[in-house]
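Structure first, commentary second.
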């Protein structure tokens, strides 16, 4: 009887800890399938950073247009260039309607991604892109507001790489989160959804 009671107490405690952990985890994750409305509540926030031309840019500068927002870094070996090319290709598919969309790339590696580095890097994806950088604290604040994970790791042969989440955020003309895309969706799927919103 005592063993059974002890077992029940232990199982109850384990269940409580696991439940609390699941609630915490769910509260820190982006919705699996983002839709319009309240699903994006609490994700995002204002920012003031420096663009690839050395000009201060605020989130308010993009009001009135849709924004495709992506976090990455110029030394990224594969995911970032692939994603940025998908965004560029999707915008090309939209034709003249692409003028209503601003692709914005925020670095998670401000130590190396100076305005000049961003300008050179983004030129490969076309003139539409706005690249943003800032000091470490400013980038950390913006990343936290958008629930973006990033962490530096030593790279083989020296230097470091940056692990980061790979979400593309779509902001509406009001500056609020409209939906999210997985970076692997590809240009056609991205263009197709954008076309329904423009």
The condition from (1) closer than 13 Å to residue 70 by Cβ; (2) modelled with pLDDT of 95 or more; (3) in contact with a helix residue (DSSP H, G or I) (Cβ under 8 Å, 6 or more places away or on another chain) that residue 169 misses is numbered (3)
Listed by first then second residue, the pairs whose first member lies in the range 140-163 and is modelled with pLDDT of 90 or more, whose partner is part of a helix (DSSP H, G or I) and loosely packed, with under 10 Cβ neighbours inside 10 Å, with beta carbons under 9 Å and at least 6 positions apart or on separate chains, are 147/28
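The values are calculated or read from the model by the stated rules, or taken from the named source; none is laboratory data. Just so it is clear, the structure is predicted and the values come from calculations on it, not from any experiment. Glycine gets a Cβ as well: all are built from the backbone with ideal geometry, and neighbour counts include every protein chain shown.
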